[in-house]
1. Tally time: how many residues in the range 16-46 are touching a helix residue (DSSP H, G or I) at 6+ places or on another chain (Cβ under 8 Å) and modelled with pLDDT of 95 or more?
2. Would you call residue 95 in a helix (DSSP H, G or I), open to solvent by less than 10 Å² (accessible area, probe 1.4 Å) and not β-branched (Val, Ile, Thr)?
3. Would you call residue 85 over 13 Å from the mean Cα position of the chain (by Cα), under 19 Å from residue 37 (Cβ atoms) and open to solvent by 40 Å² or more (accessible area, probe 1.4 Å)?
4. Within the range 113-126, can you find the residues that are in contact (Cβ under 8 Å) with a residue 12 or more places away in the chain, open to solvent by 40 Å² or more (accessible area, probe 1.4 Å) and either at negative phi or of a type in the set (Phe, Trp, Tyr) (or both)?
5. With the structure loaded, tell me whether residue 80 is surrounded by 14 or more Cβ atoms within 10 Å (Cβ to Cβ) and within 19 Å of the chain's Cα centre (by Cα) or whether it fails that test.
6. If the requirement is being without any contact (Cβ under 8 Å) to a residue 24 or more places away in the chain and either of a type outside the set (Val, Ile, Thr) or surrounded by fewer than 19 Cβ atoms within 10 Å (Cβ to Cβ) (or both), which of these qualifies: 15, 42?
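The values are calculated or read from the model by the stated rules, or taken from the named source; none is laboratory data. None of these values were measured; they are calculated from a predicted model. Cβ coordinates were reconstructed from backbone atoms using ideal geometry, including for glycine residues, and neighbour counts include every protein chain displayed. Ligands, DNA and RNA are stripped out before the accessible areas are found, and what is left, the full protein with its side chains, is counted by its heavy atoms. Shrake-Rupley method; radii C 1.70, N 1.55, O 1.52, S 1.80 Å.
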Amino acid sequence: MRSHNIIKSKHCTSLSYYKQGSGQPVVFIHGFPEDASIWFNLLGKLQDTYTVIAIDLPGTGASEGAINELSMEMMAGCIEEVLDYEKCSSVILVGHSMGGYVALAFVELFEDRVAGISMIHSTASQDSDEKINNREKAIRIIEKGGKDMFVKQMMTNLFSVTFVANNEQLIEKQ
């Protein structure tokens with residue numbers, strides 16, 4: 001059974017995460033603009049072999065916004081806080097998109113706590129100029145109040161045309 005936990009954090013007022021199972025800890029780190037719920041279907045499938053933890057990064061899901069400016073290193077610090085609270089010394093990290101960048105920051109800061117890393121739709125390479133420009137364009141759209149439009153477009157682009165056509169209700173639900 002999945003437990004929902006909220007702890008105090010030095011990086012945000014409260015930090016939310018979900019935990020279930022037993023065994024080697026595996027931490028799932030969502031991308032932008034998602035939250036921990038993207039992992040829920042997978043967590044149940046792994047709980048017999050692993051302790052699975054999915055964290056709502058600051059400002060997502062049930063976690064409060066960051067006290068200071070967001071950075072990959074600060075979010076890696078949030079993961080460390082959860083691991084300290086749960087007394088996890090060595091973990092496998094699974095990061096999706098931006099979550100992969102957070103996982104890499106965690107490796108740089110806390111290498112001795114990492115047993116393995118998996119990056120999904122993410123890269124260890126520096127972003128291209130095009131990717132940086134696209135991210136800056138997205139930030140401007142969101143700052144001008146276009147968050148809902150941005151998220152809807154992003155959700156559509158995460159899936160193949162065939163999947164979107166056959167699963168419109170699922171896409172709309174998100």
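1. 12
2. Spelling it out, it is not the case that residue 95 is in a helix (DSSP H, G or I), open to solvent by less than 10 Å² (accessible area, probe 1.4 Å) and not β-branched (Val, Ile, Thr).
3. Judged against the criteria, residue 85 is not a match.
4. 115, 117, 118, 119, 120, 123, 124, listed by residue number.
5. For residue 80, the condition - surrounded by 14 or more Cβ atoms within 10 Å (Cβ to Cβ) and within 19 Å of the chain's Cα centre (by Cα) - is met.
6. So the residue among 15, 42 that is without any contact (Cβ under 8 Å) to a residue 24 or more places away in the chain and either of a type outside the set (Val, Ile, Thr) or surrounded by fewer than 19 Cβ atoms within 10 Å (Cβ to Cβ) (or both) is 42.
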